[in-house]
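Here is the structure we will look at, set down as structure tokens.
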Amino acid sequence: MFPILPHVQRNLTELGKQIKLARLRRNLSAALVAERAGISRSTLNAIEKGAHTVSLGAYAMALHALGGLDKDLLLVAKDERMEQTMRELQLPVRKRAPKRKRDEQHG
């Protein structure tokens, strides 16, 4: 097993809590979600605890079984991709034009 950084483990633990909360809010049993996700009940339990040894695919399948929440994985670095594309295209960032002095406006 590989070491994991403490802040990464905290994030996984929080993700697991959110997955469990989403399941409970939908009044779905762990057995049903595990079955829909194609994973074992023990794997779902590990996901809900934020285990770092569970594959990303299993996390994604659990999210999908909760109603398509796996699409949220696509939001990771979405803004960064846009910024990178703009840098690659060297598109200028829009800035406001300087305010004109009052005399120039009526001149």
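Output the residue which, of all residues in region 44-59 that are surrounded by 15 or more Cβ atoms within 10 Å (Cβ to Cβ) and of a type in the set (Gly, Ala, Ser), is nearest to residue 71 (Cα to Cα).
Going through the qualifying residues, I end up with 58.
Looking at (1) at pLDDT 95 or above; (2) over 16 Å from residue 54 (Cα atoms); (3) not small (Gly, Ala, Ser), can you tell me which one residue 7 breaks?
All conditions pass for residue 7, except number (1).
Restrict the check to region 42-62 and report whether at least one residue is part of a helix (DSSP H, G or I), farther than 26 Å from residue 6 by Cα and either among the aromatic types (Phe, Trp, Tyr) or within 20 Å of the chain's Cα centre (by Cα) (or both).
No, region 42-62 contains no residue that is part of a helix (DSSP H, G or I), farther than 26 Å from residue 6 by Cα and either among the aromatic types (Phe, Trp, Tyr) or within 20 Å of the chain's Cα centre (by Cα) (or both).
Here is a yes/no grid of residues against (1) farther than 11 Å from residue 66 by Cβ; (2) surrounded by 13 or more Cβ atoms within 10 Å (Cβ to Cβ):
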residue: 7; (1), (2): yes, no
residue: 15; (1), (2): yes, yes
residue: 20; (1), (2): no, yes
residue: 24; (1), (2): no, no
residue: 32; (1), (2): no, yes
residue: 36; (1), (2): no, yes
residue: 42; (1), (2): yes, no
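If you go through region 41-65, how many residues are in contact with an Asp or Glu (Cβ under 9 Å, 6 or more places away or on another chain) and under 12 Å from residue 16 (Cβ atoms)?
4
The values are calculated or read from the model by the stated rules, or taken from the named source; none is laboratory data. All figures in this text were calculated on a predicted structure; none of them were measured in a lab. We place every Cβ from the backbone using ideal geometry, glycine too, and count neighbours over all the protein chains shown.
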